[in-house]
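This report refers to the structure that appears directly beneath it.
The values are calculated or read from the model by the stated rules, or taken from the named source; none is laboratory data. Since the model is a prediction, treat every value here as computed from it, not as a measurement. A quick note on method: Cβ atoms are made from the backbone with ideal geometry, for glycine too, and the neighbour counts reach across all protein chains shown. What goes into the accessible areas is simple: the full protein's heavy atoms, side chains included, and nothing from ligands, DNA or RNA. Shrake-Rupley method; radii C 1.70, N 1.55, O 1.52, S 1.80 Å.
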Amino acid sequence: MDVEEIKDVNLEHLLTYDSANGIVRLMDRRVLLFDATALGLLRAELIKTLGHTAARTILTRFGYAHGWRTAEVQRAQYPHIYNNLHGGAYIHGLCGLTKSYDFQHTDGTGPEPLFQVKWANSFEVEQHLLYIGKAEEAVCWTLTGFASGYESYKKGREVYFIERECTAKGDATCQMEGRYKEQWGPEYKEQLSFYCLSSVDEKLQELTKKLKKTEHNIASRQRQLGLLEKTDEEQFGVIIRSKAMKQVIDLAKHVARVNAPAIVMGESGTGKERISQIIHSQSNRKAKPFIAVNCGALTESLLESELFGHAKGAFTGADRDRPGIFEEACGGTLFLDEIGEISPGMQVKLLRVLQEKEVRRVGENKVRPVDVRIIAATNRNLADEVAAGRFRCDLYYRLCVIEVMVPALRERPEDILPLAQMFLQQYTKDMSQKVTRFSPQASECLLNYSWPGNVRELQNVVARGVALCRGKYIELDDLPKHIQTMQSISGYSSGSGVKKLEEAERDYIMAVLRASGDNKRLAASQLGISPSTLYRKLTRYL
């Protein structure tokens, strides 16, 4: 049967708010109202930092102390609740911790348990699944601790609860069983050790010593390493979630190990120069210059002077000797962007430099040796250009020793929202704005747009959104009209017609989750919902 409500109890008599002093009281004792997700994050941090056993010990004993204190207060001030068989379960429900039902009680002298009860909607199950994932054992640690402390106080002897079943590990229900300490067999000794309140100080002292030793070891290791190893994202200054871009970065790191020329191909705005910078930063030339030049932005004569330099008097305005970029980049890397735009005459001159490893300044006969690695980039298909006679095949083979293809942004949708968030933080700081994220509608629009201008276009759209945003969120109206009107309805249609609203919501939430790298906290933030709401929706979908 369900746990009965305590009769003649008015919630307003138990829970009061002193607005003048900002104090909330439950049963005349000060209490604090926490978001359940905060406790979920604390649980995850304890497990990550201290380990599973230590985290369970702390949370179970916290629950035990809470239950003991609750019974103590009830006995003194609310005996009608204290004397009710369901008093502890009533407080559980009142505090929003769990819903108790199917309550059974005996005198505890026989083989049957003293208490048996089932719990529904345990906050600990919800938060454990959200931040840690499916468990291999029961996880209602503070709840069983509370029940143990509460009933131990009431019975005047040690009563311990053990969770037999738990929905966090796939069971149908959370089912508790409480017995007097001596009635638990020796096989439960390890579980009972979590409840002993008398050993808290001793255990915490032991834990403190271990933590101090661990901190000392970590600090020593950090001093040895100088600094902790950075992730690729931190090290390279890029955001990567898609498998396609991770493969590009892996290839770039391999390419960096050799000095052979390389060509980076991809549509305009995909980040070819950034990939080239990564290759340089991982090479043995990283201490030397990385110089980029846009070949398509200069005329043939200007490009020749820019690359090779010129002697004084070589042409009108050449009032002094000037070294070219090849000389300035000596020992480093020269990035030739839009290599497919150079003229046939420049192709011949560039080929000679690659073959002879020397340059001759314009208006000068002296040759100068250069040691430069060439990385070229183009949005054209150079093989097609060679076939059409617009690009020299010998130069093509000189440049294309290693080829790196950067995929278009539309081919890696997982990167869209993380990149947008990165640009958002950048422009929020630059423009002194207080924008924190994109609204769900704006996020959906970004995901559905085809991005013909790739990452560069996304960057400009985010800059515009930050500049126009009037609140904390970039809304749909803050995005360019052409992006709003070009949202594809195909993602919300099926062969038999338009999808139902629930199906569309499910598909959108799963797309945002994939785009966030399965980071539920980030996905919840992008969706504009709480992590617990996201968890409930995912539970229904999966």
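Quick look at the values:
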| item | result |
| --- | --- |
| The one condition in (1) touching a His at 6+ places or on another chain (Cβ under 9 Å); (2) closer than 29 Å to E182 by Cα; (3) open to solvent by less than 70 Å² (accessible area, probe 1.4 Å) that R56 fails to fulfil | (1) |
| Test: residue in the stretch 143-160 that is surrounded by 23 or more Cβ atoms within 10 Å (Cβ to Cβ), aliphatic (A, V, I, L, M) and under 30 Å from D518 (Cα atoms) | yes |
| In the stretch 368-401, residue surrounded by the fewest Cβ atoms within 10 Å (Cβ to Cβ) [restricted to those that are among the β-branched types (V, I, T), in contact with a strand residue (DSSP E or B) (Cβ under 8 Å, 6 or more places away or on another chain) and modelled with pLDDT of 90 or more] | V370 |
| Test: residue in the stretch 130-144 that is in contact with a Pro (Cβ under 9 Å, 6 or more places away or on another chain) and of a type outside the set (G, A, S) | yes |
| Within the stretch 258-292, tally of residues that are surrounded by fewer than 18 Cβ atoms within 10 Å (Cβ to Cβ) and in a strand (DSSP E or B) | 2 |
| One residue from A463, A408 being small (G, A, S), open to solvent by less than 50 Å² (accessible area, probe 1.4 Å) and within 24 Å of R380 (Cα to Cα) | A408 |
| When residues of the stretch 236-247 are limited to those that are open to solvent by 20 Å² or more (accessible area, probe 1.4 Å) and of a type outside the set (V, I, T), the one nearest to the chain's Cα centre (by Cα) | R241 |
| Meets criteria (open to solvent by 10 Å² or more (accessible area, probe 1.4 Å), touching a residue at least 12 places away in the same chain (Cβ under 8 Å) and not hydroxyl-bearing (S, T, Y)) for A329 | no |
| Close pairs from the stretch 433-446: first open to solvent by less than 10 Å² (accessible area, probe 1.4 Å), partner at pLDDT 90 or above and of a type in the set (D, E), Cβ under 8 Å, at least 6 apart | S439/E475; A442/E475; A442/D478 |
| Residue check for K154: closer than 16 Å to M27 by Cβ, modelled with pLDDT of 90 or more and of a type in the set (K, R) | yes |
| Matching residues in the stretch 357-370 - criterion: being within 17 Å of A329 (Cα to Cα) and over 49 Å from the mean Cα position of the chain (by Cα) | R360, R361, V367, R368 |
| Single condition D250 does not satisfy, out of (1) loosely packed, with under 15 Cβ neighbours inside 10 Å; (2) part of a loop (DSSP other than H, G, I, E, B); (3) acidic (D, E) | (2) |
| Total residues in the stretch 69-84, condition open to solvent by less than 70 Å² (accessible area, probe 1.4 Å) and free of Cβ contacts under 8 Å to residues at least 12 places away in the same chain | 1 |
| Close pairs (7 angstrom Cβ cut-off, 6 or more residues apart or separate chains): in contact (Cβ under 8 Å) with a residue 40 or more places away in the chain and over 14 Å from A329 (Cβ atoms) in the stretch 267-286, outside any loop (DSSP other than H, G, I, E, B) and open to solvent by 60 Å² or more (accessible area, probe 1.4 Å) anywhere | G269/R456 |
| Near pairs, Cβ below 9 angstrom, 6+ apart or cross-chain, from the stretch 13-40 (within 28 Å of T533 (Cα to Cα) and open to solvent by less than 30 Å² (accessible area, probe 1.4 Å)) to any residue that is of a type in the set (K, R) and modelled with pLDDT under 80 | T37/R521 |
| Set I47, I81, I91, I58: member being more than 17 Å from F146 (Cα to Cα) and either in a strand (DSSP E or B) or not polar (S, T, N, Q) (or both) | I47 |
| Residue that is among the hydrophobic types (A, V, I, L, M, F, W, C), at pLDDT 90 or above and out of contact with any strand residue (DSSP E or B) (no Cβ under 6 Å at 6 or more places or on another chain), where the choices are F115, F161, F123 | F123 |
| Failed condition for L94, given (1) aliphatic (A, V, I, L, M); (2) open to solvent by 70 Å² or more (accessible area, probe 1.4 Å); (3) at pLDDT below 85 | (2) |
| Matching entry among L409, L424, L419 (being within 19 Å of K520 (Cα to Cα) and of a type in the set (A, V, I, L, M, F, W, C)) | L419 |
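Residues are listed down the side, and each one gets a yes or a no for (1) part of a loop (DSSP other than H, G, I, E, B); (2) under 15 Å from T173 (Cα atoms):
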| position | (1), (2) |
| --- | --- |
| D102 | no, yes |
| P113 | yes, no |
| V125 | no, yes |
| T144 | no, yes |
| Y150 | no, no |
